[in-house]
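Below is one structure, written out as structure tokens; the observations come after it.
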Amino acid sequence: MPIPLIERAKGYGDRTAVIADEGVFTYAQLLADSASVASCLLDGAADLEEARVAFLTPGGYHYVATQWGVWRAGGVAVPLATSHPKPELAYMIEDSGAAIVVAHPQYEDTLRELAEEHGLRFLLTLDILEHPEATLPDVAPERRAMIIYTSGTTNRPKGVVSTHANIQAQMTSLVEAWGWTGDDHILHVLPLHHIHGIVNVLGCALWSGAVCDMLPAFSADAVWERIERGGLTLFMAVPTIYARLVQAWNAAPPERRASMTKACAGLRLMVSGSAALPVQTLEEWEEISGHRLLERYGMTEIGMALSNPLNGERRPGYVGTPLPGVGLRLVDENGNAPPEGSPGEIQVHGPCVFIEYWNKPEATASEFVDGWFKTGDVAVLEDGAYRILGRSSVDIIKTGGYKVSALEVEDVLREHPDIAECAVVAMEDIEWGERVCAALVLARHGALTLEQLRDWSRERLAPYKMPSRMIELAELPRNAMGKVVKPDLSKLFTETEKETQTAAG
């Protein structure tokens, strides 16, 4: 049985599919090139039979052709992050049990070395795109398609496994809810190791026969230039990106601002997600662009679950109602439905929900109850719409659209020779949603500055995981059981911030 996404593309023919640094590519070209990729990956075999293929490429056509090629060969795609340092890439390659590693030439040195260290087959995107086509297998929708790594309450990222059917359910739900058609043209600026960039933007565009215009990385100037050029109908981003676009608009001369604002009128929809959208950012963006951002809620394990309406009132601070095909309920600490207006944990079921954490059956089992996935996020239903209150775990930090495990960051920081003890917490931030903040007990008082810590962390942590605030303490606040009391630490950071602002004023 063929993959529905691929079958649909066959009907789009010479329509433009992808615009990227590499050029302009039609659906027919994408089908041909992904067939070449799949044939090279198969290397004479009939089917990869869910072998994992880890690949690293900047946002662009090579990424799309590689992803589709893995799927068409019967493999499981393991997209890696261009922002991750070598140790994190190594962990994901090892944990997924990848048999093949594919790299864009830009990342050849790093990934070739990792592949050789583990005795894995290594390929370059330029080479696999030129491979002669061979017979490709039929791939059933129920087969595993992708592993995306996400931080959970454990100290290392877990591999979230989705089937082709899961991905299809996530795409079709959004296509219906947000009115995608073949006439759409979206600008893609999001990371491609994240559900937001992979499914909400790229997947929905290609399912619909639309155009996906891809930038290799976010740049406020490049985004504004592309919006001003015209022709776009959709834009999706995280709150941090909208904050940066607001800053760029404010820094522009008056005549340029007028052009930027006028250009936004050509888009039919702008969406914000992956982190809470500050009301100030929403209001500033609406004043600049004329668009009230559509907020939604989702996570790697479930795709998108809640969304404000395409047509209708979008209330600041609310994430709307369940999307088509999504079963959602709130559950209190006793496992019961809370009264109207009372908080409860969001639990989700349906075809959009992932099947497992890779090689972690106990972790998988612990996150489900009677077939419902426990998100760990707490919400309340008010006047027919859901409002997210926070997370049941204090050890997950949402910053710039990413989920960061505080425990993972703590484990890395403890390796520093000048750090005796540490604890990592979140602090609310209008630009990033939350910032990663580190409270340290140092072996030698005053031996470490924030800049020195960040320089040291750069080779060990992804940029968004690095602490952007730091305080030095004589000791960490602990309860009678010896556990660090993180709410007390959060208060300390808030008080320190206020003192700094007062001194500056």
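Exceedance of the 26 Å cut-off in Cα-Cα distance is limited, within the set 158/498; 262/398; 360/465; 10/403; 262/403, to 158/498; 262/398; 10/403; 262/403. Here the range 308-383 yields Rg over Rh of 1.01, to two decimals, using C-alpha coordinates and the Kirkwood radius.
With all protein chains in place and a 1.4 Å probe, the accessible surface of the range 88-163 carries 46 percent carbon and sulfur. Cross-link reach is defined here as a Cα-Cα straight distance under 21 Å, omitting same-chain residues fewer than 8 places apart; for residue 483 the lysines meeting it are 491. Think of it as helices only: each DSSP H run of n ≥ 4 in the chain is worth -39500 (n - 2.57), and spread over all residues that comes to -10000 deg cm²/dmol at 222 nm. Which shape class applies to the range 267-406: rounded if a/c is under 1.5, otherwise prolate when a/b exceeds b/c and oblate if not, where a ≥ b ≥ c are the square roots of the Cα gyration tensor eigenvalues? Prolate, because a/c is 1.5 or more and a/b exceeds b/c.
Rolling a 1.4 Å probe over the heavy atoms of the protein chains gives the range 372-505 an accessible area of 49 Å² per residue. Let a ≥ b ≥ c be the square roots of the eigenvalues of the Cα gyration tensor of the chain; is it rounded (a/c under 1.5), or, if not, prolate (a/b larger than b/c) or oblate? The shape class here is rounded.
Average accessible surface for the range 86-164: 43 Å² per residue, computed with a 1.4 Å probe over protein heavy atoms with every protein chain in place. Please work out whether the range 1-126 counts as rounded, prolate or oblate from its C-alpha gyration tensor, where a ≥ b ≥ c are the square roots of the eigenvalues and a/c under 1.5 means rounded, while otherwise a/b larger than b/c means prolate and anything else oblate? Note, shape of the range 1-126 comes out oblate. Note on the chain: dipole from Cβ charges, positive end direction compared against 220, 372, 249; the farthest Cα belongs to 249.
The shape of the range 236-288 can be summarised by an equivalent ellipsoid whose semi-axes, obtained from the alpha carbon gyration tensor, come to 19, 13, 9 Å from longest to shortest.
Would you mind telling me the share, in percent, of accessible area of the range 1-79 contributed by carbon and sulfur at probe 1.4 angstrom? Roughly 49 percent of what the probe reaches on the range 1-79 is carbon or sulfur.
Taking Cα centre as origin and charging only the Cβ of basic (Lys, Arg, +1) and acidic (Asp, Glu, -1) residues, the dipole magnitude of the chain rounds to 580 debye.
Think of the chain as having a plus end and a minus end, set by charges on the Cβ of Lys, Arg, Asp and Glu; of 461, 496, 125, 496 sits farthest toward the positive end of this dipole.
Surface composition of the range 385-492: carbon and sulfur make up 51 percent of the accessible area, probe 1.4 Å.
The values are calculated or read from the model by the stated rules, or taken from the named source; none is laboratory data. Since the structure is predicted, the reported quantities are computational estimates derived from the model, not experimental observations. When we count neighbours, we look across all protein chains shown, and the Cβ atoms used for this are built from the backbone with ideal geometry, even at glycine. Just the protein is used for accessible areas: all its heavy atoms, side chains included, with ligands, DNA and RNA removed. Shrake-Rupley method; radii C 1.70, N 1.55, O 1.52, S 1.80 Å.
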